[in-house]
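> A single structure is presented below for examination.
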Amino acid sequence: MEKATYYNPADLAKFGNITEWQPEMGRKFFDYYGEVFKDGALTEREKSLIALAVAHAVQCPYCIDAYTTDSLQKGADEAQMMEAVHVAAAIKGGAALVHSVQMMNKAKELSM
Amino acid sequence: MKSLHAQHHPLADTGYQLTVLTQAEVEGAHQPLFATRLREAGLLPLRPTGITVMQVNVGKMCNQTCRHCHVDAGPDRTEIMTRATMQQCLDALRQTPIEVVDLTGGAPEMNPDFRWFVEQISALGREVIVRCNLTIIVANPKYYDLPEFFARHRVRVVSSLPHFSAVRTDAQRGEGVFGRSIKALRMLNEAGYGVEGTGLSLDLVYNPSGAFLPGNQAALEREFKQRLVREHGVVFNSLLTITNLPISRFLEYLLDSGNYESYLDKLVQAYNPVAAANVMCRSTLSIGWDGQLYDCDFNQQLDLLVDGRAPQHIRDFDLAALNERSIVVNQHCYGCTAGAGSSCGGATT
Ligand code: SF4
Ligand code: SF4
């Protein structure tokens with residue numbers, strides 16, 4: 001028997017199976033998904049790099065796997081991919097830090 | 001780095017490569033036979049649509065030893081086409097309307113009779129394509145005038161540049177290759193290649209430096225054009241995306257890196273029946289350094305000769321019989337039918 005883990009890389013390929021239990025919504029989701037990633041005002045490569053950054057922000061191992069491959073396929077290089085992750089990190093870090101203004105406000109309110 | 005051949009590597013044996021390629025089918029049956037997919041598409045036996053390109057591999061010698069090379073080429077390979085065999089190719093050419101002769105290798109320019117051969121083909125009024133690895137132009141002063149030589153014979157130059165980043169290019173083709181390639185591209189541009197209005201065509205070949213498929217050809221071309229002109233002042237005509245086939249040194253890389261199974265799955269999953277109808281072997285005849293005939297350069301590197309009912313050597317060339325042959329296919333063919341398809345001319349759909 002396969003060792004049980006919360007994440008199994010083979011499950012990524014089964015993503016499409018979610019339509020089995022709710023075909024209508026599943027199909028709509030995948031149609032939308034496909035539409036979102038098409039070349040448009042942003043190129044496919046730019047969209048792939050955004051997806052890679054978001055994948056890190058939401059810390060989804062499936063998405064990191066998928067969008068690392070996809071970014072490479074779309075011609076991104078290591079520097080572009082790492083910069084995309086830094087953008088995610090900066091926003092996540094910044095989002096934590098900017099709340100410190102709230103902390104400072106509250107601390108000031110409570111202090112003499 | 002040495003070739004698999006010089007290392008006496010087990011994969012230097014093409015019979016062993018074919019065993020590896022067909023094993024997955026025997027074991028798991030989750031990678032259906034390529035021939036079965038062709039049958040489903042009504043394409044078996046696979047027949048030529050008419051030979052329009054003669055692709056001649058003039059030898060396995062190369063100044064580079066790229067990690068993905070499907071020829072297992074390198075400085076240690078001594079197999080080279082003689083002038084006598086070239087003459088047989090010219091004799092065959094003379095009796096046919098084939099318009100394009102595509103010269104490949106190794107580095108074709110390292111064949112001592114390379115220039116003579118180009119002159120003779122061009123004298124027959126046929127178009128010559130040279131698959132130039134770029135670095136050969138700057139490898140030795142005797143090659144510095146290649147751009148002018150190419151221009152004189154209106155040769156179409158097709159050159160590999162797997163990425164606009166030095167890191168990704170060098171990882172596949174060797175340390176310092178990117179810098180030398182850019183230098184060679186500038187020399188080609190100076191001779192008029194890739195420059196609008198000259199009619200001298202310079203195409204670049206993108207193939208992935210790793211276990212993934214090429215992306216959209218048009219999108220990559222836009223990106224390459226922007227980056228190369230902005231960062232290096234280099235121009236070119238078209239970008240051709242080519243999928244790496246799981247044979248020879250790329251097969252070694254896949255097995256060594258643990259990517260073999262997943263790469264084959266990727267190719268099989270991306271199978272495109274439209275691309276299957278457009279595979280290049282239907283319009284190409286491939287000739288080996290020793291004059292033997294193959295359906296394509298990949299089959300050539302796997303020692304898969306053309307079907308025995310057709311002539312198997314250029315000295316016995318017979319266009320009608322060759323146009324009637326059944327093309328020999330195997331699991332590596334999935335590389336030509338994945339996604340948008342792949343051929344020596346790039347995507348096929
Ligand atoms: S891929 Fe081309 S340049 Fe590289 S080793 Fe093979 S023949 Fe030479
Ligand atoms: S590998 Fe050769 S024989 Fe097979 S499909 Fe591609 S071109 Fe044809």
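The values are calculated or read from the model by the stated rules, or taken from the named source; none is laboratory data. What you are looking at is a predicted structure, and each value in this text was computed from that prediction instead of being measured. For neighbour counting, all protein chains shown are included, and Cβ atoms are generated from backbone atoms with ideal geometry for every residue, glycine included.
> Do we find a residue being within 14 Å of ligand 1 (Cβ to nearest atom), assigned to a loop (DSSP other than H, G, I, E, B) and more than 14 Å from every other protein chain (Cβ to nearest Cβ) anywhere in the stretch B:175-192?
Yes, the stretch B:175-192 has at least one match.
> Now for a different question. Report the residue count in the stretch B:254-298 for those that are of a type in the set (D, E) and within 10 Å of ligand 2 (Cβ to nearest atom).
2
> So which of B:R315, B:R325 ends up being more than 8 Å from ligand 2 (Cβ to nearest atom), within 13 Å of B:P48 (Cβ to Cβ) and of a type in the set (K, R)?
On inspection, the qualifying residue turns out to be B:R325.
> Could you tell me whether the stretch B:12-27 includes any residue that is away from ligand 2 (no atom under 16 Å from the Cβ) and within 15 Å of the chain's Cα centre (by Cα)?
Scanning the stretch B:12-27, I find no residue that is away from ligand 2 (no atom under 16 Å from the Cβ) and within 15 Å of the chain's Cα centre (by Cα), so the answer is no.
> Report those helices (runs of 4 or more DSSP H) wholly inside the stretch B:198-317 carrying at least 1 residues which are within 19 Å of B:R173 (Cα to Cα) and within 14 Å of chain A (Cβ to nearest Cβ).
Because the criterion is at least 1 residues that are within 19 Å of B:R173 (Cα to Cα) and within 14 Å of chain A (Cβ to nearest Cβ), the helices (runs of 4 or more DSSP H) in the stretch B:198-317 that meet it are B:217-232.
> Of the residues that sit in the stretch B:277-294 and are closer than 18 Å to B:L245 by Cα and of a type in the set (S, T, N, Q), which one is nearest to ligand 1 (Cβ to nearest atom)?
Checked the stretch B:277-294; the qualifying residue nearest to ligand 1 (Cβ to nearest atom) is B:S286.
> Please pick out the residue among B:L220, B:L202, B:L188 that is farther than 30 Å from B:Q17 by Cα, surrounded by 23 or more Cβ atoms within 10 Å (Cβ to Cβ) and without any contact (Cβ under 8 Å) to a residue 40 or more places away in the chain.
Exactly one of B:L220, B:L202, B:L188 is farther than 30 Å from B:Q17 by Cα, surrounded by 23 or more Cβ atoms within 10 Å (Cβ to Cβ) and without any contact (Cβ under 8 Å) to a residue 40 or more places away in the chain, namely B:L220.
> Among the listed residues B:D316, B:D265, B:D295, B:D290, which satisfies the condition of being surrounded by fewer than 17 Cβ atoms within 10 Å (Cβ to Cβ), closer than 26 Å to B:P10 by Cα, modelled with pLDDT of 95 or more and among the acidic types (D, E)?
Being surrounded by fewer than 17 Cβ atoms within 10 Å (Cβ to Cβ), closer than 26 Å to B:P10 by Cα, modelled with pLDDT of 95 or more and among the acidic types (D, E) holds for just one of B:D316, B:D265, B:D295, B:D290, which is B:D290.
> Please give the number of the condition B:R173 fails out of (1) charged (D, E, K, R); (2) under 19 Å from the mean Cα position of the chain (by Cα); (3) surrounded by fewer than 21 Cβ atoms within 10 Å (Cβ to Cβ).
So B:R173 meets the others, but not (3).
> Right, another one. Can you say whether B:L21 is in contact with a Leu (Cβ under 6 Å, 6 or more places away or on another chain) and either part of a helix (DSSP H, G or I) or within 16 Å of ligand 1 (Cβ to nearest atom) (or both), as far as the supplied structure shows?
no
> How many residues are over 21 Å from A:P61 (Cβ atoms) and among the aromatic types (F, W, Y) when one looks only at the stretch A:9-46?
Of the residues in that region, 2 qualify.
> Say whether the condition of being within 20 Å of B:M280 (Cα to Cα), at pLDDT 95 or above, buried (at least 19 other Cβ atoms within 10 Å of the Cβ) and within 16 Å of ligand 1 (Cβ to nearest atom) is met by at least one residue in the stretch B:107-119.
No, the stretch B:107-119 contains no residue that is within 20 Å of B:M280 (Cα to Cα), at pLDDT 95 or above, buried (at least 19 other Cβ atoms within 10 Å of the Cβ) and within 16 Å of ligand 1 (Cβ to nearest atom).
> Tell me, please, whether a residue that is surrounded by fewer than 16 Cβ atoms within 10 Å (Cβ to Cβ) and within 14 Å of chain B (Cβ to nearest Cβ) can be found in the stretch A:64-75.
The answer is yes, given that some residue of the stretch A:64-75 is surrounded by fewer than 16 Cβ atoms within 10 Å (Cβ to Cβ) and within 14 Å of chain B (Cβ to nearest Cβ).
> Evaluate the following for B:T104: is it of a type in the set (S, T, N, Q) and within 16 Å of ligand 2 (Cβ to nearest atom)?
It is true that B:T104 is of a type in the set (S, T, N, Q) and within 16 Å of ligand 2 (Cβ to nearest atom).
> Pick from B:V138, B:V128, B:V71: which is within 16 Å of ligand 2 (Cβ to nearest atom), aliphatic (A, V, I, L, M) and under 26 Å from B:V177 (Cα atoms)?
So the residue among B:V138, B:V128, B:V71 that is within 16 Å of ligand 2 (Cβ to nearest atom), aliphatic (A, V, I, L, M) and under 26 Å from B:V177 (Cα atoms) is B:V71.
> In the stretch B:120-131, which residues are in a helix (DSSP H, G or I) and either in contact with a Phe, Trp or Tyr (Cβ under 6 Å, 6 or more places away or on another chain) or buried (at least 21 other Cβ atoms within 10 Å of the Cβ) (or both)?
B:I121
> Just one of the numbered conditions (1) aliphatic (A, V, I, L, M); (2) part of a helix (DSSP H, G or I); (3) crowded, with 23+ Cβ neighbours inside 10 Å is not true of B:L90; which one?
(3)
> Give me a count of the residues in the stretch B:333-349 that are under 14 Å from B:L239 (Cα atoms) and not in a loop (DSSP other than H, G, I, E, B).
Of the residues in that region, 2 qualify.
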